Amino acid sequence: MILRPQQLRPISSSLLSFAQSSSQARCLHTTVQPGPIPPPIPFVPDTKTFLKLIGRDLSQYASKIRSWNYLFTITSDELKELGMEPRSRRYLLDWRQKFREGRYGPGGDLKYVENGVAKLRVVKLSEPTGQEHDGRVSVKMNRMVVNVPASFGGPGSVLPEELVRPKGFRVKGAHEMKGPSARPAKGRLNYTVEATEGMWEDKRGRKIDGGERRQAERSEKLHSVGIPEAFGRKAADAY
């Protein structure tokens, strides 16, 4: 069937504007410049460590994403060319943006790291209570976890303001320390932390009872045989 020019309906202005905006959005997507390249931090000095920390088996791409600058400028299309699946690409780009904004995982605030290993120590330091007694501000002694240089020789060897209290690490009991990847070292008050696979990984959610569709099927099956839904999964699977 051939339509004559007078039979063709004009394109509505709303549809035309939508097509133009969609085209502009596609062009903008291809011309967006990458954000700034943040400097490495003591706990994450290179690309290999970054990929190891965020997990999801992304360490396998360390040989393909070798430089720090390339890590923070690579595009989703380029990651696709490396063979990375969509979900992993989104995950990597999300973590890259977090790092760019200074939103690190455990250990990201460590200051003293040598050869990939940070030394932590349980120390007792005084802290002001905010209360005054006889004109003086009272203080109390607290045990806390601090990041210290490898050559740390005790609380007096480093100024208090130079000690780093890393987030995610705490004292348990009198001398024990708890925190991600913290391992006892020589001396009862000493611990070490180093980057491990998946230390910063965002765990995937898990389906309960097979998801909403499976729950609906199970409920329908229970209802059809007159069994109360409270009897649950085993009763439904028996039918």
Amide H contacts under 5 Å for ARG165, placed H, 5+ residues apart: ASN147
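To the nearest 0.05, how large is the calculated FRET efficiency for GLU220 and ARG87 if R₀ is 25 Å and r is the Cβ-Cβ distance?
On the way: r = 31 Å, r/R0 = 1.25.
Once rounded, the FRET efficiency stands at 0.20.
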So which lysines can LYS167 reach, going by Cα to Cα under 25 Å and dropping same-chain residues fewer than 8 places off? LYS48, LYS52, LYS98, LYS111, LYS119, LYS124, LYS140, LYS178, LYS186, LYS203
Under a Cβ-only charge scheme (Lys and Arg +1, Asp and Glu -1), can you give me the dipole magnitude of segment 47-101 about the Cα centre, in debye to the nearest 20? 180 debye
Once the principal axes of the Cα atoms of segment 42-94 are found, what is the range along each, listed largest first in whole angstroms? 30, 20, 19
Amide H contacts under 5 Å for MET177, restricted to residues at least 5 apart in sequence or on another chain and with H modeled in the peptide plane, are LYS172
Full-extension gain between VAL117 and ILE37, please, as 0.36 nm times their residue separation minus the C-alpha to C-alpha distance. 26.4 nm
Estimated inter-spin distance, ASP46 and SER126, nm [label 7 Å along Cα→Cβ]: 4.5 nm
Provide the FRET efficiency to the nearest 0.05 for the ARG103-ALA150 pair, computing r from the beta carbons and using R0 = 30 Å. 0.65
What FRET efficiency comes out for the pair ARG66/LYS203, r = Cβ-Cβ distance, R0 = 45 Å, nearest 0.05? 0.95
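Read the figures in this text as sums done on the coordinates, not as results from a lab. All values reported here derive from a predicted model rather than from experimental measurement. Glycine also receives a Cβ, built like all others from the backbone with ideal geometry; neighbour counts cover every protein chain displayed.
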